[in-house]
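The values are calculated or read from the model by the stated rules, or taken from the named source; none is laboratory data. Please read all numbers here as calculations on a predicted model, not as lab measurements. No Cβ is skipped: glycine too gets one built from the backbone with ideal geometry, and neighbour counts run over all protein chains shown. Accessible surface areas use protein heavy atoms only, side chains included; no ligands, DNA or RNA. Shrake-Rupley method; radii C 1.70, N 1.55, O 1.52, S 1.80 Å.
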Amino acid sequence: MLREIGDREAAAKMKDVDLTVGYQGEPGAYGEVAAAAHGGVPRGFASFEKLLEALRDGDVDEAVLPMENAVVGAITEALEPFAAFVVEGLELVAVAVTSVPVRLSLAARPGTPLASVKRAWSHPAALRQCTHRLAQMGIERVVCYDTAGAAQIVAHDASTDAAVCSRRAAERYGLEVLVEDVSDKEQNGTRFVHLRMADHARAQVSLAFLRTSSMTATGRLDVLTGATLLPLAGTAEYPVRMWVLGADAARLQALAPVRDVQVISLGQPAAHAAKITPPKQGTEPVVKALPHATARRAPTVVEVGPLRLGAGARAVIAGPCSVESPEQVMRIARVVASCGATALRGGIFKPRTNPYAFQGHGLDALDWLVSAGKANGLPVVTEVMAVDHVKPVAEKADVLQIGARNMQNFDLLRAVGRAGRPVLLKRGAGSTVDEWLGAAEYIMAAGEQRVILCERGIRTFETATRNTLDVGGMLAARPLTHLPIIADPSHAAGRADLVEGLARAAWSAGADGLIVEVHDDPARALSDAEQALVPTRFAELARNLALHPDARLALAQLRAWVDAIDHDLGVLVQRRLEVAKVIGDSKRQTGRAVLDPRREAAVRRTYQEALPGNKLLADKLVDLLLEAAKAQQSIDE
Ligand code: PEP
Ligand code: MN
C-alpha cells in the first residue's frame with residue numbers, strides 16, 4: 001500500500017502550481033476531486049482515451065486516472081486504455097497518488113418516490129460497487145460514461161430513473177438524494193494516480209506495467225515486493241497483464257519468475273531509490289509465527305515529542321555512551337540538539353565486558369539525563385539491563401533501550417513490553433534477522449507496539465572493526481516488518497573515523513534513523529571513548545544527512561553548514577549546464593528546435609514545486625538557468 005505520508009508530501013510540494021489536470025467525466029465526478037487535490041485546474045474529458053490523448057498532445061499538464069477502488073479493486077475501464085497507451089510507447093511517469101473517499105448516493109429528480117425507481121444510471125465501475133444494494137432494491141443498472149454524467153442524464157430525463165453519483169454531483173444537477181450511501185461496503189474510496197509526460201516531470205511514485213502470458217509469472221509478486229497488483233483481462237496476445245503499484249522496477253525484474261514477463265516501469269520514486277518498502281497491508285502476517293512484528297499493516301511511526309521514526313520520517317538520536325555527570329550530559333545534549341538530533345541517548349546502566357569497568361551511575365544519572373533532555377527539548381533514550389530497573393526507569397525515560405547483549409533476555413523483553421514506553425531494540429551481535437524479529441514479537445505480545453529495531457553490527461571474523469554493520473540484514477528485515485529500523489554506526493565501527501561512513505551507508509540504504517555516540521572530551525570518556533564523535537565531527541555528519549541546525553550552534557558552524565549547501569548548489573548548477581548542453585546537441589542532431597516553451601514551463605513547475613510558497617525565487621532561478629544555458633550554447637532569443 002502506498003503510504004499516506006507519501007500522499008501528503010506530494011500534495012505539499014505541488015501546491016501553488018498553475019497546472020491543468022485532466023480527468024474523465026463531467027464536473028462533479030470523483031475524478032474532478034482528485035484533479036483538484038493538489039491545487040490544479042481540473043478539466044473533464046468524455047473518455048479515458050480522450051484524456052490520455054490530451055496528455056500526449058500537451059493539452060493538459062497532468063491526468064488523473066482511477067486505479068483501485070476499495071469495493072471492486074482494479075478499475076479496468078481506466079487501466080485498460082492506460083495499458084494500451086503505455087504498450088504503444090507513450091512515456092508517462094506517475095507523480096502522485098490521491099485517495100478520494102467515495103460515497104455513492106442514489107439520486108433522482110425532486111419528488112421521485114424511491115419505490116418508483118426501477119433503473120439507475122452510472123459509470124460501470126460505480127455500478128459494480130453497488131451491485132448487491134441495487135439488486136436488493138430491485139433496481140436495474142444502466143451503464144453510462146460517468147457518475148456526474150449520469151446525474152446530468154437523469155436531470156434531463158422525464159422518467160423516474162435515478163443516478164448513482166456523489167452528493168456533490170446530485171446537487172450540481174438539481175437532483176434529490178434518495179439514499180445517502182448505496183455502496184456495498186462502508187469506507188468506500190478510490191485511489192487515483194496522477195500522470196505526466198516523462199520528459200516533463202520526475203516520477204515520484206513507483207508504478208510498473210507487466211506484460212506476460214503466464215499467470216504463474218505474477219504469483220506472490222505482491223508478497224515479495226510489498227506492491228499492490230491490479231490485474232487486467234488482457235488480450236489474446238497477452239492474456240495476463242497487470243499494473244503493479246508501489247514496487248521497485250529493478251526488484252520486479254529480478255523477481256519475475258519466468259522469462260516472458262516484460263516490466264515497463266513508469267518510474268522509481270525520486271528520493272531514496274534504494275528504499276525497500278515494508279509489507280503491504282493485508283490480513284496474514286508475513287511470518288505466521290510472528291503476527292505482531294510481521295503484520296501486514298501500514299508502517300509504524302514511533303513518535304515521542306520531536307522524535308519521529310518510520311513511514312518516511314527519519315531522525316537521528318545522539319548523545320554520550322554513558323551519562324557521566326549532570327554537566328557532561330547537559331553540554332552534549334545542547335550540541336546534538338543544535339545540530340538537529342531529535343532525541344538524546346545516554347547510558348545509566350552499562351553492560352561492560354569487564355566487571356571492573358565503569359558500570360554506569362545508575363538511577364542518579366537518569367535525573368541528569370532527563371534534565372538535559374528537558375532543557376534542550378529532547379526526549380531521552382536509555383538502556384535497561386534488569387527487570388528490576390524497568391519500572392523506575394520507565395517512570396522518567398521516554399524510550400527504553402534493550403542492549404545487544406540482552407536481545408534474547410526474554411523476561412526483560414516481556415517486562416519492557418509492559419512498561420508503557422516505546423522500546424529501542426538492538427539486534428544481538430550473534431543474532432539472525434529472524435531472531436531479532438522474534439525478540440520484537442516478545443515485546444509486542446506483552447503489549448508495546450512501538451518498537452524501534454536497531455542494527456548495531458554483528459560479530460564476524462573481521463577484527464579491523466568492533467562489529468560488522470550488517471546493512472544487508474537491515475535491508476532484508478525491511479520487507480518483513482512494519483516497524484521502523486535504525487542503525488547504530490558507533491557500536492558497529494568501534495572507531496570514530498569510520499562512524500560517518502557507516503552512518504551515511506545506512507542512511508543511503510534507507511534506514512529510518514540513526515543512533516550515534518557523541519562526546520566532547522573523548523579522551524576522558526568513561527566508556528566507548530574510541531568511537532565517540534566530537535561535536536564538530538557530529539555537526540559535519542548532521543550536515544551531510546541534511547538535518548536542520550538551530551541558532552544555538554556556533555556561528556562558524558552554521559556558516560560551514562550553509563557553505564556546504566552553496567558548494568553543492570554550485571556543483572549541481574554546473575552539472576545542469578553540462579546536461580542541458582548535451583540535450584541541445586541531441587536536438588540539433590535530430591533536427592528539433594532547441595527551445596521548447598512546453599519544456600520550459602515544465603522546468604519552471606519543477607522549481608515551483610521544490611520551493612513551495614516561493615514562486616518568485618523559483619522563477620528567478622529558472623530565468624538565470626535558462627539564460628546561462630542559452631549563453632553557453634550561443635542561442636539567441
Ligand atoms: C550502547 O548503546 O551504549 C550499547 C551498549 O549498545 P549495544 O547494546 O548495541 O552494544
Ligand atoms: Mn556505547
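Scalar couplings 3J(HN,Hα) for segment 228-236, obtained by applying the Karplus form with A = 6.51, B = -1.76, C = 1.60 to θ = phi - 60°, are 9, 9, 10, x, 10, 5, x, 10, 4 Hz; x denotes Gly and Pro. Under 5 Å between amide hydrogens, built in the peptide plane, is the criterion, and for Ser166 it picks out Ser105 among residues at least 5 positions away or on other chains. Dipole of the chain computed with +1 at Lys/Arg Cβ and -1 at Asp/Glu Cβ about the Cα centre; of Val21, Val370, Val390, farthest Cα towards the positive end is Val390.
The share of alpha-carbon pairs in segment 508-590 lying farther apart than 19 Å comes to 60%.
Over segment 567-637, what number does the Rg to Rh ratio reach, with both radii from the alpha-carbon atoms and Rh per Kirkwood? So for segment 567-637, dividing Rg by the Kirkwood Rh gives 0.98.
Here segment 205-249 is treated as a Stokes sphere of Kirkwood radius computed over C-alpha pairs; at 4 °C and 1.567 mPa s its diffusion coefficient rounds to 123 µm²/s. Please give the FRET efficiency for Ala601 paired with Asp563, using the beta carbon to beta carbon distance and R0 = 25 Å, rounded to the nearest 0.05. That gives a FRET efficiency of 0.15.
Go through Lys581/Lys620; Lys374/Lys396; Lys288/Lys391; Lys396/Lys426; Lys185/Lys288; Lys185/Lys280 and tell me which ones have a Cα-Cα distance over 23 Å in this structure. Intermediate values should be presented prior to the final figure.
Details: Lys581/Lys620 20 Å; Lys374/Lys396 11 Å; Lys288/Lys391 32 Å; Lys396/Lys426 21 Å; Lys185/Lys288 28 Å; Lys185/Lys280 21 Å.
Cα-Cα > 23 Å for Lys288/Lys391; Lys185/Lys288; rest within.
Fully extending the segment from Ala505 to Thr432 would add 24.2 nm, taking 0.36 nm per residue of separation and subtracting the current Cα-Cα distance. Computed from Cα positions, the angle between helix 535-544 and the longest principal axis of the chain comes to roughly 20 degrees. Mean residue ellipticity at 222 nm, helices only, the chain: -11000 deg cm²/dmol; runs of at least 4 DSSP H residues each add -39,500 (n - 2.57), and the sum is divided by the number of residues.
For the chain, the longest principal axis of the Cα atoms and the long axis of helix 597-610 meet at an angle of about 40 degrees.
Computed across segment 19-79, the Kirkwood radius stands at 11.5 Å (inverse of mean 1/r, all Cα pairs). Between the amide H of Ile458 and those of Thr468, Leu469, Asp470, distances stay under 5 Å, these residues lying 5 or more places away or on another chain, with hydrogens modeled in the peptide plane.
So between Ser214 and Phe410, what do we pick up on full extension, going 0.36 nm a residue minus the alpha carbon distance? Could the numbers behind the result be given before it?
On the way: separation 196, 0.36 × 196 = 70.56 nm, distance 4.67 nm.
Gain on extension, Ser214 to Phe410, equals 65.9 nm.
Cross-link reach is defined here as a Cα-Cα straight distance under 18 Å, omitting same-chain residues fewer than 8 places apart; for Lys587 the lysines meeting it are Lys630.
For segment 443-491, the alpha-carbon radius of gyration amounts to 1.33 times the rule-of-thumb value 2.2 N^0.38 Å expected for a compact globular protein.
Considering only beta bridges that DSSP places wholly inside segment 298-395, some 45 percent are antiparallel. For segment 85-231, the fraction of alpha-carbon pairs lying more than 19 Å apart is 61 percent, rounded to a whole number. In plain terms, the chain from Lys581 to Ala236 could stretch by 119.7 nm, reckoned as 0.36 nm per residue minus the Cα-Cα distance. The simple spin-label model puts a point 7 Å past each Cα toward its Cβ; for Ala610 and His132 those points are separated by 5.0 nm. With each label modelled as a point 7 angstrom along the Cα→C-beta vector, the Leu624-Glu284 pair spans 5.6 nm. Note on Phe461/Leu90: beta-carbon distance plugged into 1/(1 + (r/R0)^6) with R0 of 60 Å gives a FRET efficiency of 0.70. Mind pulling the angle between the C-alpha long axis of helix 4-14 and the longest principal axis of the chain? Nearest 10 degrees, somewhere in 0 to 90. Computed tilt is about 70 degrees. For segment 576-587, backbone phi angles converted through the Karplus equation (6.51, -1.76, 1.60; θ = phi - 60°) give residue-by-residue couplings of 5, 4, 5, 5, 4, 5, 4, 4, x, 4, 4, 5 Hz, Gly and Pro being listed as x.
The Cα trace of the chain gives Rg and Dmax of 28.5, 94 Å, the first to one decimal, the second as a whole number. Database remark: amide H of Leu424 closer than 5 angstrom to the amide H of Leu400, Gln401, Ile402, Ile452 (H placed geometrically; neighbours at sequence offset of 5 or more, or on other chains; Pro and chain starts carry no H). The phi-based Karplus calculation (6.51 cos²θ - 1.76 cosθ + 1.60; θ = phi - 60°) puts the 3J(HN,Hα) values of segment 517-532 at 8, 10, 9, 8, 8, x, 4, 9, 5, 7, 8, 6, 4, 5, 9, 6 Hz, whole numbers, x for Gly and Pro. Normalised by the number of residues in segment 401-547, the average gap of Cα pairs under 8 Å and 6 or more apart makes the relative contact order 17 percent.
Using a 1.4 angstrom probe with every protein chain in place, what is the largest-first accessible-area order of Phe358, Phe461?
Details: Phe358 45, Phe461 185 Å².
Per-residue accessible area, sorted high to low, gives Phe461, Phe358.
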